[in-house]
1. Test of understanding: what is the full-extension gain from residue 318 to residue 150, defined as 0.36 nm times their sequence separation minus their Cα-Cα distance?
2. What is the spin-label model distance, in nm, from residue 35 to residue 396 if the labels are put 7 Å beyond Cα along the C-beta direction?
3. What number, in percent, do you get for the relative contact order of the range 128-220 if the mean sequence gap of Cα pairs under 8 Å and at least 6 apart is divided by its residue count?
4. For 388, 58, what's the fewest-to-most ordering of other Cβ within 10 Å of each Cβ?
5. At a 10 Å Cβ-Cβ cut-off, how would you order 139, 293, 351, 311, fewest neighbours first?
6. Compute the distance in nm between two label points, each set 7 Å from the Cα along the Cα-to-Cβ direction, one at residue 187 and one at residue 294.
7. Restricting to the range 2-163, what percent of DSSP beta bridges are antiparallel, rounded to 5?
8. Test of understanding: ordering 33, 96, 249, 352 by Cβ neighbours within 10 Å, fewest first, what list do you get?
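Just so you know, all these numbers are worked out from the coordinates, no wet-lab data involved. Given the structure is predicted, the values throughout are model-derived calculations rather than measurements. For neighbour counting, all protein chains shown are included, and Cβ atoms are generated from backbone atoms with ideal geometry for every residue, glycine included.
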Amino acid sequence: MRVYRGLDSLPDIQKSVVTIGSFDGLHIGHQKIINRVKQISSELACENYIITFDPHPRSVIYPRDKSLQLLTTLEEKIELFEKYGVDNLVIIPFTIEFSQISALEYMEKFLIGNFKPDYIVIGYDHRFGINRSGDINLLKQVRSSYGFEIIEIEAQEVDEITISSTKIRSALQSGDLEQANGLLNHAYPLSGIVVRGRKLGTEIGFPTANIKLEDDKKLIPMDGIYACRVIAHKKTYNGMLYIGDIPTIGMENRKSIEVNIFDFNDDIYGQRLSLQVLKFLRHEQKFESIEDLRLQLHKDRDQALDYFNDLEAEKQALVSVAILNYNTKHYLEEFLPSVSYSSKEEFETVLIDNGSTDSSVKYVSDWFPEVKLIEFSKNYGFAEAYNRALGQIHSKYVAILNSDVMVTEDWLDPLVKFLEDHPDYAAVMPKILSLEDKEYFEYAGASGGYIDSLAYPFCRGRIFDHIEKDTGQYDTPQDIFWASGAALLIRKDLFLSLLGFDKDFFAHQEEIDLCWRISNAGYSIAVIPESYVYHLGGGTLDYSDVRKVYLNFRNSFPL
């Protein structure tokens, strides 16, 4: 990646694809735009140019506003753009003078004159020029004269980017690194220069590098202890990060950002360190003595090491099978053993427990110790529980699977292969047959879901209450409108970028809402009948249950 700090060093560009923005955090929403720019430039056989600004425009236009909290400093942003494969990054010094140029001058001299774009990828609400008087409509008016095309980032997508940024900030301020890093699609970065500190860490056997951040507007996560990665001398080390004011030695200390780097003892004063904040371990705490603090730090280090060991194990899994559980021990006893035969390849199984009051968690822990447990203290419902859990899962694909489903041997493999071969598809589902009568389709998905003009959902193999016998009539892969939440495989990062299921649905038809948003985002969904499973249907909530009837009617109303 080439980095241009200003316009003076730009080459003579004759053809390009450009996009413009602050890209603070360079989170998963921004990455989708970057991927679109890269795809277009590849098709046109030209280079892409990402235009961003430093300092952040808000800090120049509203200098008295102290509320700005950056997710990335400029140097962190540069590193992330390089990670995501941008051809050229152009950093424009944002000054009062630059903010005062007219919309016409911005468009003709700055944007078109310097970059000669074939395509401009821009948000519907992008404003430019003095008093923000220029917008996408002005660009549309002159595009034929200058020979460029515009790809407009729609309101929904721009709103999702804004919502994601807000969610990331909120998650960091509450120590929820799983959610923050899931939405970022990378670990939250902290970077700065190593300065001399109090040397308390050295005295108690945990020497730390004290970090002075590169930008005082950088958002600092909640005080506490974190597991982190540290890049020093172009090598990556594991470490333990402390953020706080060390109340054990007094109450008037300045805030410290210190990292204990494992298996490292080099002198790095004055050098720049890059940190990747991975997991919150515990809150800030005042101890009765320095010895109590030292003993706790040993426990923190052990916890961090356990976390890194788990990360290494999770690296091997391309796919996670995520099963939601709420008091369904009897189904886990019957169906969980079949899950271990889901694929010829390495995968992990995750049980997400919604605050069960039966002994299902103990049963899984005792009899299936290889199953990863994510335990919640209360029942969040199908929708929110999956949203919370998928932020803690690190595989590329997640198979969402009901606890009352019996899978068949290697059912995952055709689904994974299809998604690996078709990057424009977001999710796929197997053929779903009835466990009670295996010659017939099952109500909840059959061989792929559709929706009619009145927003009534139906399936290949099931219309209203009429269930067809499976005679192979729907055994061809087919694009569908919705995939069943009883058994579907989805790209985890895309699930998170679309903010997952709508938690207000609680349960039932949330997968149709998600699939609708997937379609609006430009992705496709398919059924791959080579893969098939058997669903009990109504196992977790009987079809005649009043609660189920209520949720089905209520949740279908917004559709």
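1. Working: separation 168, 0.36 × 168 = 60.48 nm, distance 3.64 nm.
Extra length available between residue 318 and residue 150 comes to 56.8 nm.
2. Each label point lies 7 Å from its Cα, and together they span 1.2 nm.
3. Once divided by the residue count of the range 128-220, the mean separation gives 16 percent.
4. Details: 388 20, 58 17.
So the residues, fewest neighbours to most, are 58, 388.
5. Ranking 139, 293, 351, 311 by Cβ neighbours within 10 Å, fewest first, gives 311, 293, 139, 351.
6. Once both label points are built, they end up 2.8 nm from each other.
7. 5
8. The fewest-first ordering by Cβ neighbours comes to 96, 249, 33, 352.
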